[in-house]
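First comes the structure, then the notes that go with it.
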Amino acid sequence: MTVTNASPEIKSILYLNGVTKSFDGFKAINNLSLDIAPGELRAIIGPNGAGKSTMMDIITGKTKPDKGEVRFKDNIDLTRHDEADIANMGIGRKFQKPTVIESLSVWENLDLALAGNRNVWQTLFFKLKKAQHERIDEIMTLIGLSEKRDALAKNLSHGQKQWLEIGMLIIQEPEVLLVDEPAGGMTDYETMETARLLKEISEHHSVIVVEHDMDFVRALDCRVTVLHEGSVLAEGSLDKVSSNQQVIEVYLGR
Ligand SMILES: Nc1ncnc2c1ncn2[C@@H]1O[C@H](COP(=O)(O)OP(=O)(O)O)[C@@H](O)[C@H]1O
Ligand SMILES: [Mg+2]
């Protein structure tokens, strides 16, 4: 494989370098760089309008950057691919609002999500079907909804719906999972359970999570990136970034 000299030797699963994106002349993302390792759990924090969601839009192909590099594992240039391609390549995204099918049960929602990866031949073989059932059971255990397998999604709590949707993404085995403000509207208990769930998921997938709730970010116990005006203001442990004077001024101190 030939690697152009502007690109990194691949040790990252996701690599952004010098990314800029303007909307009507306003730089929502401004020379942004980010480097995520395989299997890493990373929290992204920063004030409203810092560019957190736009960053996720750029990674997932929803928004094209004006300039800069956006690369995925074996040097795949994500700016050359559309949203559907990028999802198929293994970058899953959880939006704020759950998109589970309310009239279906927990099990049926997971089965449907798994079916997205199923081909005609696989459905013909009983053994693979059995493996699929086991996979659904495994995911229900992971998201803590085994006892709710036949409950309709509409009867789940807000937090349980969010976990179901995370399960529906994980069952498709993405290499990278992006999660935008999962704790919004959750109870304290659900928030802490969500942190535990994402930590467990990060044992097998890279996870990038945007969140404002500092108790949640502390529970994630991972490297934190602070975004401000479309760039990285600080990066490191939560203790390190929360004692950074600039971070206090633009974000924490407000
Ligand atoms: N599609 C868009 N058109 C115009 N402006 C946008 C668009 N998307 C985001 N912005 C602007 O970009 C800035 C960053 O927004 P966003 O990425 O949503 O921030 P965050 O998620 O950190 O709150 C904001 O000023 C927002 O108004
Ligand atoms: Mg946002």
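Where a number appears in this text, it was derived from the coordinates with a stated rule and is not lab data. Bear in mind the structure is a predicted one, so any value in this text is a computation, not a measurement. FYI the Cβ positions are ideal-geometry reconstructions off the backbone, even for glycines, and counts take in every protein chain you see.
Key figures
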{"quantity": "Eligible aspartates and glutamates near K148 by straight Cα distance, threshold 12 Å, same-chain separation 8 or greater", "calculated": "E108, D137"}
{"quantity": "Label-point separation, K67 to T141 (7 Å along Cα→Cβ), nm", "calculated": "5.2"}
{"quantity": "Extension gain, N155 back to L104 (0.36 nm per residue minus Cα-Cα distance, nm)", "calculated": "17.3 nm"}
{"quantity": "Principal semi-axes in Å for segment 1-111 [√(5λ), Cα gyration tensor, largest first]", "calculated": "27, 20, 13"}
{"quantity": "Compactness of segment 189-254 as Cα Rg over 2.2 N^0.38 Å, two decimals", "calculated": "1.16"}
{"quantity": "Given K129/K161; K11/K130; K73/K199; K67/K154; K64/K97, the pairs whose alpha carbons are separated by over 31 Å", "calculated": "K11/K130; K67/K154"}
{"quantity": "Percent antiparallel among DSSP beta bridges (both partners in segment 118-254, rounded to 5)", "calculated": "50"}
{"quantity": "Under 5 Å, built H, 5+ apart or other chain: amide partners of R223", "calculated": "A43"}
{"quantity": "Angstrom value of the Kirkwood radius, inverse mean 1/r, which spans all Cα pairs in segment 103-254", "calculated": "17.2"}
{"quantity": "Surface/4 of the Cα convex hull for segment 140-213, nm²", "calculated": "4.8"}
{"quantity": "Where chymotrypsin sites (Phe, Trp or Tyr not before Pro) in DSSP loops with at most 15 other Cβ within 10 Å are excluded, longest remaining stretch of the chain", "calculated": "126-254"}
{"quantity": "Cα-based convex hull volume of the chain per residue, rounded to whole Å³", "calculated": "146"}
